[in-house]
1. Over all distinct alpha-carbon pairs, what is the Kirkwood Rh of the chain in angstrom?
2. Using 1/(1 + (r/R0)^6) with R0 = 25 angstrom and r between the beta carbons of Ser246 and Asn106, what's the FRET efficiency to the nearest 0.05?
3. Packing-wise, with mean Cβ within 10 Å as the measure, how do 180-192, 25-37, 81-93 rank, highest first?
4. With n ≥ 4 as the cut-off for DSSP H runs, can you work out [θ] at 222 nm for the chain, using -39500 (n - 2.57) per run divided by the number of residues, rounded to the nearest 500?
5. How far apart, in nanometres, would the label points at Arg13 and Arg285 be if each is projected 7 angstrom from Cα along the Cα-to-Cβ direction?
6. Nearest 0.05, what FRET efficiency do Asp204 and Ala43 give at R0 = 30 Å with Cβ-Cβ as r?
7. Cα atoms only, the stretch 151-296: Rg and Dmax in Å?
8. Quick check on the exposure proxy: order Thr255, Thr152 from fewest to most C-beta atoms within 10 angstrom.
Amino acid sequence: MTPKVMSMAEAVRRCVPDGASVALGLALEPAIPFALVHELVRARRRDLRLIGPISDMAFDILISAGCVAEIDAAWVGNVSAGLAHGYRRAMEKGIPRRIVVRDHSNLSIGLSLLAGALGSPYIPTRSLLGTDLARANGTFREAPSPFDGTPTLLLPAIEPDVAVLAVQRSDEDGNAQLWGPWGISQEAALASKAVIVVADELVDRSVIRADPNRTVAPAFKVAAVVVQRGACHPSPLQDRYGRDHSFFHAYHDATRSAEGYAAWAKEWILDLPDHEAYLAKLGPRWEALVAQERAR
C-alpha cells in the first residue's frame, strides 16, 4: 500500500489541524462522512471553518462539541427532523461558543468553490441580487457588468484547506469513485489544497481504469485514503446501505439541551474507540440497512 492509505485517526492528525477550513457533506444528503466527523470530536479539534451545502446533522455535532469557529454554508440543520439544536444554541446563546456564519444559497456555495477550482478570484452571478443573503453574507460584492452595466453579484472564491469525499470505492492512490449524486464534490475537491477520501472499499487500480467516468477527483489532489465501511451512517451511500431515518430523529430528540448532546456524544462517539465499534453498537440495525440497499 502507498503511504496515502491510513486510519481515520491518522488522516485527521495529518490533514485537519486546529483552525483548518474543512469542506464536507458535499454530495448533499447522501454520502456525509460522519465517521470523520466523529473522529474530529474525539481529537478535540478547535477553531474549524466548516464549508458545505447541506450538512444534515454533521455540522451540528461539531458545533455542539466546540470544534467550530466559522461556517460557510447554505443550510445547517437536521433534514428530516428540522432545526439543529446545537447550531441554534451557538447562535442564540453562545453555547458552547459563538460562531461566525456566512450564509449562502446552494448555488452560491457551489459557485464560490467553482471559482476556487478554476483559480479565479471570484465568479459573477445575478442570483441573489435583491435578497437578504446578498447583504448578510458579508463577502459578496455588487458591481456593474463591464459589458452592459447591469448589476451583478461577485462571489469570492473559496479554497478549503481540505475537502472530505465519502465514496463507494477508491484505489490506493486516491482515485475515488462515487455514484449517486455528486452535488459539489468535484468543485470542492479541485478547489481544496488537499482531499481526504473515505472509501467503503479499496480496489485495484485496474478496477478504476475500467470505469473511469465514476472518478470524482484526481489522485494528485488526495492526501489520505481511509478505508472504512459504513462511514456515512446514518446518511446513505448508494448501492451500499440505506438511510437510518430513526437515528436522525433520535439525535434530534436527545440534543434538545446541551446536557442531552453531551450524553449522546458520550454514548455514540467518546465512549467508542473507532467506527468499527460504532457499527458493532448498531448491531442488527446496521445489517438491516445494508440488506435494505442490496434488495433495491
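Where a number appears in this text, it was derived from the coordinates with a stated rule and is not lab data. As the structure is a computational prediction, the values presented were derived from the model and not from experiment. Neighbour counts are summed over all protein chains in view; Cβ atoms, including those assigned to glycine, are modelled from backbone coordinates with ideal geometry.
1. Values: mean 1/r = 0.0514 Å⁻¹.
One decimal place: 19.5 Å for the Kirkwood radius.
2. 0.40
3. 25-37, 180-192, 81-93
4. Theoretical 222 nm ellipticity from helices: -9500 deg cm²/dmol.
5. For Arg13 paired with Arg285, the spin-label model returns 3.0 nm.
6. With a Förster radius of 30 Å, E is 0.45.
7. Taking only Cα atoms of the stretch 151-296, I get Rg and Dmax of 17.6, 57 Å.
8. On the way: Thr255 25, Thr152 20.
If I rank by nearby Cβ atoms, fewest first, I get Thr152, Thr255.
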